[in-house]
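Data block below; observations after.
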Amino acid sequence: MNQPRLVTRDVPPREAWALEQAGISPLLARLFAARGVRSAEELDDGLAKLLPPEGLKGIAEAAGLLADSLLAGEHICIVADYDCDGATACAVALRGLALLGARPDTLHYVVPDRAVHGYGLTPTIVELALPLRPQLLMTVDNGIASHAGVAHARALGLKVLVTDHHLPALVDGAVLLPEAHAMLNPNQPGCEFASKNLAGVGVAFYLLLALRGELRKRGRFDSSTQPKLDGLLDLVALGTVADVVKLDANNRRLVAQGLRRMRAGRMQPGIAALFTAAGRDASRANAFDLGFALGPRINAAGRLSDMTVGIECLLCDDSTRALELAKLLDAINRERREIEAGMREQAEAQLEALMPAGDAPAALAIFDPAFHEGVVGIVASRLKDRVHRPAFVFARGADGQLKGSGRSIPGFHLRDALDLITKRHPDLLKKFGGHAMAAGCTLADDGFERFNSAFQQVAAEWLDEQALTRTLRTDGPLAPELFNAATVRELDAQVWGQAFEAPLFCDQVQIVSQRLVGERHLKLRLRQGGLLRDAIWFGRSEPVPDEARLAYRLSLDEYQGQERIQMVVEALV
């Protein structure tokens with residue numbers, strides 16, 4: 001396994017100076033400029049700065065279709081997805097429609113069971129929805145590739161509104177869209193919306209903004225009496241961060257607004273309950289909490305159980321009941337972690353067998369009949385992080401087919417790789433879909449070895465040595481006078497995430513002492529610029545040299561009223 005390559009980010013001096021002149025602290029000005037921010041206006045997270053809904057192709061038709069159904073008192077059924085983005089999108093849609101005047105008895109939802117129904121609006125899911133007597137099916141976080149399901153719903157006389165953010169299906173190199181009555185997706189052909197990175201929950205929120213405007217035009221209310229939708233932004237923030245979409249300026253505004261409401265205590269009871277169940281302080285909520293504490297607890301329901309539990313937690317208005325559901329989600333997540341630990345151990349044993357000389361192949365494909373279908377994506381992510389290779393992990397589904405989930409590295413577009421595999425081996429993939437960095441596919445029970453060979457071939461063609469070397473982009477050294485609690489609070493108050501990474505500093509240090517804690521983590525006492533510091537390296541058991549250049553983040557812990565700053569080490573050179 002190769003050592004990561006540390007690269008210090010370039011800081012454009014003119015842009016950093018302009019940000020400082022606008023009143024931003026020198027440290028943040030340097031960090032923001034290094035991440036492509038060119039003016040303070042880009043950092044304005046006010047709702048007025050959100051991109052207007054009108055930029056989304058098809059939004060007028062979608063809002064009109066939804067307004068027709070709402071005003072006619074028709075039954076509307078949300079077809080959700082079984083991850084956190086899908087769950088929050090479902091909750092946003094149902095809460096938003098109720099705010100805009102839909103009668104509660106006309107609002108319903110269905111969500112696939114990962115192991116039973118598969119992904120998206122399938123004909124089976126349409127049949128599952130029929131007892132609810134829907135007249136309009138509205139997908140959230142799925143549907144762009146649901147050709148058979150949309151056709152089946154239309155054949156039964158149902159109207160279909162697709163809202164999604166995934167890439168559409170390709171057939172012989174051409175984009176193929178389902179024949180829905182209306183479609184909203186920033187990644188559909190011809191959509192010129194400036195942010196292609198909206199999560200499914202973001203698309204649902206934008207549709208509600210447009211629906212409110214449409215209802216206003218029809219005289220349902222005026223600008224002074226229209227319902228406020230900003231109370232949904234805690235859900236939008238959670239789904240956006242949990243889905244690991246790029247945090248461009250528009251997404252950062254959505255997340256910042258949601259976090260602001262959480263910190264002020266203005267959030268759904270289910271969100272507050274999740275903070276409690278996770279042992280996190282909502283008054284200091286940050287994107288890390290959403291991505292690594294709340295999001296996994298919602299996701300666990302879709303992985304091991306029924307996402308209905310997660311959705312009901314987000315829809316619940318009774319704080320006592322919400323806490324019961326949040327504790328159930330916490331228990332499911334603990335079970336998920338135990339299953340993941342066992343699968344990870346088995347997967348890493350297979351990985352070691354693939355690396356007799358210590359170097360991993362260009363891509364990884366792992367299968368074990370004992371693997372749990374709901375956890376393969378997490379294990380693929382762990383393997384990808386460990387050896388910096390595109391990784392697919394497969395489990396046998398209830399139908400006997402192999403269900404695989406993959407995670408990728410920069411420079412290897414996973415969905416495009418699957419598309420190339422299916423062109424070269426037309427009968428291999430039963431279905432596939434996803435993004436550049438995450439994708440899934442289904443194989444016949446005997447298809448794993450053929451997939452492994454085809455996957456390896458594409459990786460060998462597309463990836464060179466530079467791409468196969470993990471690169472960590474650092475922000476250089478941190479001035480000693482900035483190593484304090486105020487700096488950590490200032491950094492924690494910002495919105496960091498995918499494509500807008502949290503600061504990673506890099507300094508030369510001397511190791512004073514080191515010891516293992518919890519058998520898997522290295523606790524360090526070190527000297528930095530003549531000053532003693534505490535540090536921890538999670539998941540590292542090997543000792544480090546007496547002198548080293550460390551890449552690290554800062555964290556702030558409070559214990560018995562005392563604040564303690566420590567460096568969280570990511571790498572050494």
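For F538 and E179, the FRET efficiency from 1/(1 + (r/R0)^6), where r spans their Cβ atoms and R0 equals 45 Å, is about 0.35. Counting every other Cβ atom within 10 Å of each residue's Cβ, S25, S224 order from fewest to most as S224, S25.
Taking Cβ atoms as reference points and 14 Å as the exclusive limit, the residues near A129 contribute a net charge of 0, counting Lys and Arg as +1 and Asp and Glu as -1. By the compact-protein rule of thumb, 2.2 N^0.38 Å, the alpha-carbon radius of gyration of the range 354-462 corresponds to a ratio of 0.96. Against the empirical 2.2 N^0.38 Å (N residues), the chain has a Cα radius of gyration ratio of 0.98. Of the residues I536, I144, the one with the fewest other Cβ atoms within 10 Å heads the list, and the complete ranking is I536, I144. On the basis of the beta-carbon distance and an R0 of 41 Å, D105 and A48 show a calculated FRET efficiency of 0.70. Relative contact order for the range 53-332: 21 percent, from Cα pairs under 8 Å spaced at least 6 residues apart, divided by residue count. Note on the range 135-277: percent of Cα-Cα distances in each 5 Å bin, starting at 0 and stopping at the bin with the largest distance, equals 2, 9, 16, 17, 18, 17, 12, 7, 3, 1, 0. Think of each Lys and Arg Cβ as +1 and each Asp and Glu Cβ as -1; about the Cα centre, that makes the dipole of the chain roughly 720 debye.
In a fully extended conformation the segment linking H425 and Y559 would gain 42.5 nm over its present Cα-Cα distance, using 0.36 nm per residue.
For R216 and R520, the difference between the fully extended length at 0.36 nm per residue and the C-alpha to C-alpha distance is 103.6 nm. Net charge within 13 Å of P480 by Cβ-Cβ distance, Lys/Arg positive one each and Asp/Glu negative one each, not counting P480 itself? Local charge sum for P480: 0. Neighbour counting of Cβ atoms within 10 Å sorts the residues C84, C316, fewest neighbours leading, into C316, C84. The relative contact order of the range 162-246 comes to 28 percent, based on Cα pairs under 8 Å that sit 6 or more residues apart. The Rg/Rh ratio for the range 464-573 is 0.97, where Rg is the radius of gyration of the alpha carbons and Rh is the Kirkwood radius. Here is the list for the range 214-244: trypsin sites (Lys or Arg not before Pro) lying in DSSP coil, each with at most 13 other C-beta atoms within 10 angstrom of its C-beta, are R218, K228. DSSP finds beta bridges in the chain, and of those with both partners inside it, around 65 percent are antiparallel. Multiplying the residue separation of E352 and D399 by 0.36 nm and subtracting their alpha-carbon distance yields 13.9 nm. In units of the rule-of-thumb radius 2.2 N^0.38 Å, the range 137-195 shows an alpha carbon radius of gyration of 1.10.
For the chain, the relative contact order is 12 percent, taking Cα pairs closer than 8 Å that sit 6 or more residues apart in sequence and dividing their mean separation by the residue count.
No value in this document is a laboratory result; all are computed from the given coordinates. Source: prediction; values computed, not measured. Note that each Cβ is placed from the backbone with ideal geometry, even for glycine, and that neighbours are counted across all protein chains shown.
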